[in-house]
Amino acid sequence: MITGLGVTAPGGIGTAAFWDLISSGRTATRRISLFDPTGFRSRIAAEIDFDPAACGLSPQEIRRMDRAAQLGVVSAREALADSGLTLEDVPPERRGVSIGSAVGCTTGLEEEYVVVSDGGREWLVDPAYAVPHLYGYMVPSTLAVEVAWTAQAEGPVALISTGCTAGLDSVGHGYRLVQEGAADVVIAGATDAPISPITVACFDAIKATSPNNDDPEHASRPFDRDRDGFVLGEGAAVMVLEEREAALRRGAEIYAEIVGFASRSNAYHMTGLKPDGREMAEAIRVALREARLNPEDVDYINAHGSGTRQNDRHETAAFKDALGEHAYKTPVSSIKSMVGHSLGAIGSIEVAASVLAIKHNVIPPTANLHTPDPECDLDYVPVTAREQPVDVVLSVGSGFGGFQTAMLLAQR
Amino acid sequence: MNDRKTATRSGRAPDERVVVTGIGVTAPNGVGTEAYWAATLNGKSGLARITHLDPERYPTRVAGVVQEFDAAEYVPSRLIVQTDHWTHLGLAATAMALDDAGVDPAELPEYEMAVVTASSSGGNEFGQREIEKLWSKGPEYVGVYQSIAWFYAATTGQVSIRYGMRGPCGVICTEQAGGLDVAAQARRLLRREARLVVTGGTDASRSPYALTAQFTSGMLSTRDDPVRAYLPFDVDACGHVPGEGGAMLIAEGESAARRRGAVPYGVIAGYGASFDPRPEPGRPARSNLVRAIRLALDDARIRPDQVDVVFADAVGVPERDLAEAAAIGEVFGPRAVPVTAPKTMTGRLYGGGAALDLATALLAIRDGVIPPTVGVTSPAPGCDLDLVLGTARETPVRTALVLARGYGGFNSALVVTAP
């Protein structure tokens, strides 16, 4: 059971601002302001106007935490407050944490590298200039540590790092911990703050990101014929997962229930995707089986929809393979058109979007979808949100390394 | 939800025993399982002055570097250029482990094989090289493989691709505890849906930047003498020495492993994890290690007096060693169980460390011998442990407990038993 939500995403701080953005069809993609992107192939991203102090972080916390940790902690605090969970309800040893991230604290690592290497001039860097928290930046597990401290969790704690599916896999891991009884509550979610020169450059090198620098607001175009790559994003989403009976007992407000989760790998290529979507289809089938649902039960598919040529075709094929004829009748949308692709974080942000779609009975649209692609011939909810009953959502992710993940969420 | 149709459950055997049938090791004191094991039983250390870079300007000048390792022997040249040293070590260890298990992945169902590895510092050497190009020359000099070599999922992804393993793959980063957490995840997958899981981890925090970063943990030794640099539980303890490498293990459900005639090393019998509360200034740190140990023993249905050896986390920092010794004492009683830390011969391998300890524990079960803790001569007051010092101790080992603590507060405990 999901009983609390916290989202810090481009376009506004907090779950309410996030829903307002993605249900309106507005986009938060723009020219990069976090550093000067002159000279880069892709100079656009979905950034958060994030003031950590205004979000309640103390001066010590701001100094200690990399941006990804800050986003994660702010989201975790919102989720915990939203859930109303107290230490009397669930003591520390019964609280677990499962946080996803693709690139950990790279932004902090890069900033500090520039200092210790004197602007990149010294391969043998000078340790005298290292900040005291540098080791905390090197190990991505710090992101889970910070959330565990926030949640006063002393049960099982993990950082899941399966690239761009990490945010779905971390929620799935939390779901398993609750299912097995390893914890009564798991604070699960993901965070990434990858808008830094090295990450932007590494996607430039393989032309994965959109070079549509002249029109950033409309650059993220999942499923559109004119899509030309993903637009990098940043953000975090954290949720409180709770065992069903315990949640009911304490009278918690329940957003939705996770009913199925599965992941598969394509064992094909670190970045390339075969057009047939075979392994994602298998993950979807296995998740449906666990949920004891049929394809016809799926009301909405929250797609990975990154906006690369290969992804959107791959995924469309997977939906058809797994859902058969029902794929043509099922609304599919990608919120990456609005909040960009925040790597490991986006999976959790998309779970949050799915949960909110169930809560509001509104399907967020795929913004910027104006020219259909003959290879992408499903109902992608172009441009404007759609009001309709949403009981069951399928949320999927696909990532470097070949990971394919599917999760099913249901109204309880 | 009311009109859900019933379908068969995906779970198959929640209590299936999970066994380890293959081990591959790339360690500072030996490449290959038997080379490592022979060195470890003989007390041969892999710690030495760093030579892969000029260590003079760093506070830490001793490390456990994997010697005589030629990636080309194990990894196709095309893959070598696409991956970091850490992944080379992982691919090599995986090849050895699969060979040891006598299993041909091509013959198993693709969706029932998975890869779950631990990582802690990712492809830091590859990453530093690319970030140096970016900052000294410009973004167009960053290479096409940075995006797939640097991130923490690189080893899992490459192993999955190399062997056609299309099941539920994963990556867990809990610093030194990762090797046990991925073994637990392997067991979970084998009980739910998988037939074979490649698990374990390697790490290679060897770049100049990674060395610098590690030093800020405040836990690294600055002593120049490789013999005296890493002395956990000793009066002379002064932090730990970093190392590289690790181990990969092949885990299978026991019935399937037996059916194909495999000879298991041992059973992954119990697991427990806990997390420490945030340390508060001016107050003694509170450790939840005892709870992780008890959870693991309960899970394995093993009493403390049935445990034949404890592989300690042995971080080498006096107050943390004391906390570990106290936890072991609280569960087992004073000097009630042999305790050892063969990582004194390899350094701490982070994402690879607990996986290597797990491999070592299984070898101890196989051969009935406990490898020594080297270098330590005078246990510190309060470290009231039966430490296996100096030379290996021959004794039947049916049950071993492996402990690991990850930076920031992770505690993991894993029980392995004779097959």
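The values are calculated or read from the model by the stated rules, or taken from the named source; none is laboratory data. Values in this document were obtained by computation on a predicted structure and should not be read as measured data. In this analysis, Cβ positions are derived from the backbone assuming ideal geometry, glycine residues included, and neighbour counts consider all displayed protein chains. When the accessible area is computed, the model is the full protein with side chains, heavy atoms only, and any ligands, DNA or RNA have been set aside. Shrake-Rupley method; radii C 1.70, N 1.55, O 1.52, S 1.80 Å.
List of remarks:
- Residue A:75 being in a loop (DSSP other than H, G, I, E, B), small (Gly, Ala, Ser) and at pLDDT 95 or above: no
- Every condition in (1) under 21 Å from residue A:162 (Cα atoms); (2) more than 9 Å from chain B (Cβ to nearest Cβ); (3) of a type in the set (A, V, I, L, M); (4) not in a helix (DSSP H, G or I) holds for residue A:69 except the one numbered (4).
- Test: residue in segment B:317-325 that is in a helix (DSSP H, G or I), open to solvent by 50 Å² or more (accessible area, probe 1.4 Å) and within 27 Å of residue B:15 (Cβ to Cβ): no
- Search result, residues across segment B:150-183 that are more than 7 Å from chain A (Cβ to nearest Cβ) and closer than 15 Å to residue A:158 by Cβ: B:176, B:177, B:178, B:179, B:180, B:182, B:183
- Considering A:238, A:259, the condition of being within 12 Å of chain B (Cβ to nearest Cβ), among the β-branched types (Val, Ile, Thr) and either part of a helix (DSSP H, G or I) or within 21 Å of the chain's Cα centre (by Cα) (or both) is satisfied by A:259 alone.
- Among the residues of segment A:337-364, the one identified as part of a loop (DSSP other than H, G, I, E, B) and within 13 Å of residue A:301 (Cβ to Cβ) is A:364.
- Residue count for segment A:304-344, restricted to those that are among the β-branched types (Val, Ile, Thr), farther than 26 Å from residue A:159 by Cβ and crowded, with 24+ Cβ neighbours inside 10 Å: 1.
- Every residue from segment A:353-393 that is within 17 Å of the chain's Cα centre (by Cα) and within 14 Å of chain B (Cβ to nearest Cβ): A:393
- Residue count for segment A:191-213 under the criterion of being of a type in the set (Ser, Thr, Tyr) and out of contact with any Gly (no Cβ under 7 Å at 6 or more places or on another chain): the result is 2.
- Subset tally (residues that are crowded, with 21+ Cβ neighbours inside 10 Å and touching a residue at least 24 places away in the same chain (Cβ under 8 Å)) for segment B:62-95: 16
- Residue selected from segment B:304-362 under the condition among the aromatic types (Phe, Trp, Tyr) and in contact with a Ser or Thr (Cβ under 8 Å, 6 or more places away or on another chain), by the criterion farthest from residue B:42 (Cα to Cα): B:350
- Condition met for residue A:269 (in a loop (DSSP other than H, G, I, E, B), in contact with a helix residue (DSSP H, G or I) (Cβ under 8 Å, 6 or more places away or on another chain) and surrounded by fewer than 23 Cβ atoms within 10 Å (Cβ to Cβ)): yes
- Within segment A:197-229, the set of residues being hydroxyl-bearing (Ser, Thr, Tyr) and over 30 Å from residue A:96 (Cβ atoms) comprises A:209, A:210, A:220.
- Of all residues in segment A:282-310, those that are within 14 Å of chain B (Cβ to nearest Cβ) have Cβ atoms under 6 Å from Cβ atoms of residues that are assigned to a loop (DSSP other than H, G, I, E, B) and not small (Gly, Ala, Ser), 6 or more apart or on another chain, in A:292/B:4; A:292/B:6; A:293/B:4; A:294/B:5; A:298/A:330; A:299/A:390; A:299/A:391.
- Top-ranked residue of segment A:63-78 - restricted to ones that are out of contact with any strand residue (DSSP E or B) (no Cβ under 8 Å at 6 or more places or on another chain) and surrounded by 14 or more Cβ atoms within 10 Å (Cβ to Cβ), ranked as farthest from residue A:108 (Cα to Cα): A:73
- Candidates A:126, A:118, A:82, A:89, filtered to the one that is open to solvent by 30 Å² or more (accessible area, probe 1.4 Å) and within 17 Å of residue A:182 (Cα to Cα): A:89
- Evaluating residue A:301 against the criteria (1) closer than 17 Å to residue A:364 by Cα; (2) open to solvent by 10 Å² or more (accessible area, probe 1.4 Å) leaves one unmet condition, (2).
For (1) assigned to a helix (DSSP H, G or I); (2) touching a residue at least 60 places away in the same chain (Cβ under 8 Å); (3) open to solvent by 30 Å² or more (accessible area, probe 1.4 Å), each residue gets a yes or a no:
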site: B:116; (1), (2), (3): no, yes, no
site: B:120; (1), (2), (3): no, yes, no
site: B:133; (1), (2), (3): yes, no, yes
site: B:147; (1), (2), (3): yes, no, no
site: B:160; (1), (2), (3): yes, no, no
site: B:171; (1), (2), (3): no, no, no
site: B:179; (1), (2), (3): yes, yes, no
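- Screening the candidates B:227, B:197, B:267 for the property of being at pLDDT 95 or above, open to solvent by 20 Å² or more (accessible area, probe 1.4 Å) and hydrophobic (A, V, I, L, M, F, W, C) yields one hit, B:227.
- Test result for residue A:228, assigned to a helix (DSSP H, G or I), away from chain B (no Cβ under 11 Å) and not hydrophobic (A, V, I, L, M, F, W, C): no
- From the options B:296, B:273, B:359, residue that is part of a helix (DSSP H, G or I), modelled with pLDDT of 95 or more, in contact with a Leu (Cβ under 8 Å, 6 or more places away or on another chain) and within 14 Å of chain A (Cβ to nearest Cβ): B:296
- In segment A:82-193, counting only helices (runs of 4 or more DSSP H) that sit wholly within it, the ones holding 2 or more residues that are more than 8 Å from chain B (Cβ to nearest Cβ) and closer than 23 Å to residue A:4 by Cα span A:141-151, A:166-180.
- Counting only residues that are hydroxyl-bearing (Ser, Thr, Tyr), farther than 14 Å from residue A:10 by Cβ and open to solvent by less than 20 Å² (accessible area, probe 1.4 Å), segment A:24-47 holds 1 of them.
- Looking only at segment A:394-405, and only at residues there that are more than 11 Å from residue A:169 (Cβ to Cβ) and not in a loop (DSSP other than H, G, I, E, B), the one that is farthest from the other protein chains (Cβ to nearest Cβ): A:395
- The set of residues in segment A:218-238 being more than 18 Å from residue A:32 (Cβ to Cβ) and either in contact with a strand residue (DSSP E or B) (Cβ under 8 Å, 6 or more places away or on another chain) or among the hydrophobic types (A, V, I, L, M, F, W, C) (or both) consists of A:222, A:223, A:224, A:225, A:227, A:236, A:237, A:238.
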